[in-house]
Structures are given as C-alpha cells and as structure tokens.
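The values are calculated or read from the model by the stated rules, or taken from the named source; none is laboratory data. The structure displayed is predicted, hence computed values, not measured ones. Please note: Cβ atoms are built from the backbone with ideal geometry, for glycine as well, and neighbour counts cover all protein chains shown.
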Amino acid sequence: MPSQAPVIVWFRQDLRLSDNPALLAAHKTGAPIVPLYVLDDDTPGLWRMGAASRVWLHHSLHRLNESLQGRLVIAKGGPLDVLKSVIAQTGARQLFWNRCYEPWRTARDAGIKSALQADQIEVASFNASLLWEPWEIKNQSGSPYKVFTPFFRKGYLPRGVPHPPLPAPASLRLETDIPSGFPSLADLELCPTLPWGDEVISHWHVGEVAALNRLLDFLEQKLAGYKEGRDFPAQEQISRLSPSLHFGEISPRQIWYEALACAQTQHTPQNDLEHFLAELGWREFSYHLLYHFPDLPQRNFQEKFDAFPWQTLPEKDLDQWRHGRTGYPIVDAAMRELWQTGFMHNRCRMIVGSFLVKHLLCDWQIGARWFWDCLFDADLASNSASWQWIAGSGADAAPYFRIFNPITQGEKFDPTGTYIRRYVPELSQLPLRYLFAPWEAPPSVLSNAGITLGKTYPHPMVDHNAARIRALKAFESLKNTA
C-alpha cells in the first residue's frame, strides 16, 4: 500500500501547538505533517523584522522546534520558491496556514495561493490571530469603522463570545523524512553579535509554555485592580503578553476564555475584567484599520496632517530621545526600559510618544520606526494605530490639546520614583521632591546626590511650557485645513 503524501503546515505568526487551526486541520487528515517556517526578508520592504523581534523569533522558533520533536523545517527566502521545493521533495499535495493581515503578507499570500492551486495543490487558510476577521465587523452602511468606541460597542461586543480555543493535537504524526538542503536556526543569524541581544532577552521566558504561564500568573495575581494599576509602571500590573501575542505563542481566544474563567473563580471585579478584555478590542481595532486602510503605517489617517509643520531634528537630538537622555526622568526611564528589555509599559509609551511628537514636533513615523526596531511586540497594526493616536492624526486620535506634562506624569504615575530610579540610576540618590524635575534641585542637593547637570545627567532638551505653547500653535494651524 503506498504511503500517504504528507501535508505542509506553514508556521508564521502562530508559533504554538494549542489553538492552531491550521495545525489541527492538518492533523485531522491523518497524513504525516511537515512543519515549516520561512524567514522572508525580501517581501516586507520597509517592514522587514526589526532587531529585537528577530531575537525573540530565534528563541520562539527554538521552543517550537522542541515541541515538534526537532522536525521543524526552517528556510529563508521567497516563500513560494521554498514551498515548491518542499513540495517537490516530499510529494505533499496539501498546504495549511493561518492568515496574517499585514498588507505585504496578504498580497504575497494571495499570489502563493493562486500559484500553488494552479499546480493542483490544495491550500487552506484559517484565522488564528484575531477574535474576529477584519472584514466581519462593519457599520450600518457596510463601511469599516474609523473610531474605536462605536467599533467596540456596536460592532465588536454585539458579536458575542468568540469561538472557544481549539485543543492541541493529542499526538502529532510528523514526517520523518525531513527535506534536505535547508538551513538550521543558527544559520538564520537572527541574534546580533552584540551583547545587547543576550541582555535584552534575559528579562523574558519565551515560547508557548512561557506565554501560558505568564497569562495565568497575571490573571491570578494582577487582574484584580487592573483598571487602576495598569497606569503605574513600577507596579507592573499588566500582562506583558504582547510579544507572545505578536508571535502567536498564545492566541487572543485563549486569553479571552482564560480571563473569563479566572474572573469567575476568583470573583474579579467586573470593571477590571472589562478593561482587560477591551485591550484585546483595541488590538482588534488596530487590525481592522490596517486591513481596510493598508497605508496606515506610512500615511496620516487624517489627511489634514499632511500639512502639519513637523520639525526636522538633528540626529543627535533624536538620539537623546532614543536613548533616554532628554533630561525628563520619566521619559528617559521609559526609553531605557525599551532599550534594555525590548518592552515598554503602555502608560510610558503614551508619555514618550507625546514628548516626541508634541514637545519636539517630530513626525510620528520616526518614533514608530524606532519602536519597530526595539520592541519585541513590534506589531505593524498596533504600532501604527497607536502612534497615529498619540500624534492626533489617527482614526481615534487623542485631542490635539492633550500634551502630556512629563513632570506631572512622573509625579502621578511613578509617585514613589521606583520606576525612574530603576532605569535612571544616576538619579537614584536624588530626594523624591526633585526626582521628576532635577534642574529644580538646589546645587547642594544635586552635589549630595552625585549629580552634575549637563554631565552625569542632561539638562532638559526643551522647556515644557515653551514646547507646549509651540505645539498648540502648530496644531491650531490645522483647524481650518480641509
């Protein structure tokens, strides 16, 4: 009796076994499975994976390969060429994958699907990354939503409870005759030779098991009080699941159902649960926008912002912001957290974003590009939508007059100074009353704390009050723009 032709499962942003509909569909065929990952650095163009994301990917693929008994086929190059090579070597006639929604991926995948179907290859794709497909939610006129609140209340919530997460296959039948001529994980050279790569990943446990453990720890220890606590970076009352969500080590459906179950057993306050689930809603809204408005990452959603008087900053000034040398401690702490850990607390993302686009009048795309390179959770949809929100140019933008004061933001959301002292240690001996504005401290206080402004810690890049007035004038100039 002839052996059964294997099926290919093309892993992408779904690096897990649980709630993986493509993998489960392949498993149900009964055929041996060829698991495949392809590093495509050519098709994405500007959106080639950033340095931090590549480091995470390396470790996540390592964990996935362990779960797949070392049978993960790893390749680099154009996916269609890779797939044709694997098909030729294995005799596979079926290909399964889970959908991605970035514009470059949707166009690429459509071409691959057509080409392989023309060769009589069965291709099936599934939703593993979102609670709802972007095209499933529309307003009464049949158009996509452009504001989060109506999207969430009239389009998203009325859909009810999403489909329960799927189980992992009980026992995978993996192809033993592994295709030849493909690189090893090390050959992809995802980790930089600089020590930064090892340091930035040292703060994390990566992979499907680690993601589930992180979720359960958050739900059991931090969900209660989330609504208020999520604004205080020193408390770390956040899930820190965004990198795992981005790479698909865990699914939004798993998060949704685990959160509901935990809230019921632990009697979590309803408002904490609702605010946590609303964060999944914002993620869905970001993908909704990216799908319907694919130029979101590189064009102002509101066209009037094309006339905004952005300033062209010297690289040395941009580097002060990038590396946490602005002279505003809460801004600097946040930017150093990003550099050191590949992550930034959400409240702090708003603070540093506001500082860049409003205090420095720097185009939001420059900030988005830096985040793209430094964040483990560099998600094109969320990164683009969130930066446009901060800048005021987005679909559901912050009011133009909302200009965060980096001094009072520190006082309000890091009231003990714990977060600032952790990431800006040169200020650690400064009394709390001066910690948020060191330039206001008397010379003797600075001296006793071992601080010399302009040497051990910088003077402020800009004066807050003057920068605020300048920003308001710039935003006011758009009022009469069509």
query: How about the range 22-42: which of its residues are part of a helix (DSSP H, G or I) and either buried (at least 21 other Cβ atoms within 10 Å of the Cβ) or touching a His at 6+ places or on another chain (Cβ under 9 Å) (or both)?
result: Ala22, Leu23, Ala26, His27
task: Name every residue in the range 375-400 that is of a type in the set (Phe, Trp, Tyr) and surrounded by fewer than 24 Cβ atoms within 10 Å (Cβ to Cβ), in order of residue number.
output: Trp389, Tyr400
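Select the helices (runs of 4 or more DSSP H) contained entirely in the range 361-478, then report the ones holding at least 2 residues which are within 30 Å of Leu57 (Cβ to Cβ). Full working, then the answer.
On the way: elements: 364-374, 380-391, 406-413, 418-423, 432-435, 443-448, 464-476.
Those helices (runs of 4 or more DSSP H) span 364-374, 380-391, 418-423.
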- request: Say whether the condition of being surrounded by fewer than 20 Cβ atoms within 10 Å (Cβ to Cβ) and at positive phi is met by at least one residue in the range 401-416.
  value: no
message: For Thr149, only one of the following conditions fails: (1) part of a helix (DSSP H, G or I); (2) assigned by TED's automatic domain parsing to the domain that holds His27. What is its number?
response: (2)
message: Pull out all pairs, ordered by first then second residue, where Cβ-Cβ is under 8 Å, the residues are six or more apart or on different chains, the first lies in the range 242-254 and is closer than 17 Å to Met344 by Cβ, and the second is among the acidic types (Asp, Glu) and surrounded by fewer than 23 Cβ atoms within 10 Å (Cβ to Cβ).
response: Ser242/Asp377; Pro243/Asp377; Leu245/Asp377; His246/Asp377
- request: Please name all residue pairs, on different chains or six or more residues apart, with Cβ atoms under 7 Å, provided the first residue is in the range 47-73 and is under 14 Å from Tyr37 (Cα atoms) and the second residue is part of a helix (DSSP H, G or I) and β-branched (Val, Ile, Thr).
  value: His59/Ile201; Val73/Val86
query: Can you find a residue in the range 272-283 that is assigned to a helix (DSSP H, G or I), outside the structural domain of Ser354 (by TED's automatic domain parsing), in contact (Cβ under 8 Å) with a residue 60 or more places away in the chain and under 30 Å from Glu476 (Cβ atoms)?
result: yes
query: Restricting attention to the range 194-207, does a residue exist that is more than 20 Å from the chain's Cα centre (by Cα) and in a loop (DSSP other than H, G, I, E, B)?
result: yes
- prompt: Scanning the range 115-167 for residues that are polar (S, T, N, Q) and closer than 27 Å to Asn20 by Cβ, which turns out surrounded by the most Cβ atoms within 10 Å (Cβ to Cβ)?
  reply: Ser129
- prompt: Limited to the range 152-186, what total is found for residues that are over 25 Å from Tyr287 (Cβ atoms), in contact (Cβ under 8 Å) with a residue 40 or more places away in the chain and not in a loop (DSSP other than H, G, I, E, B)?
  reply: 1
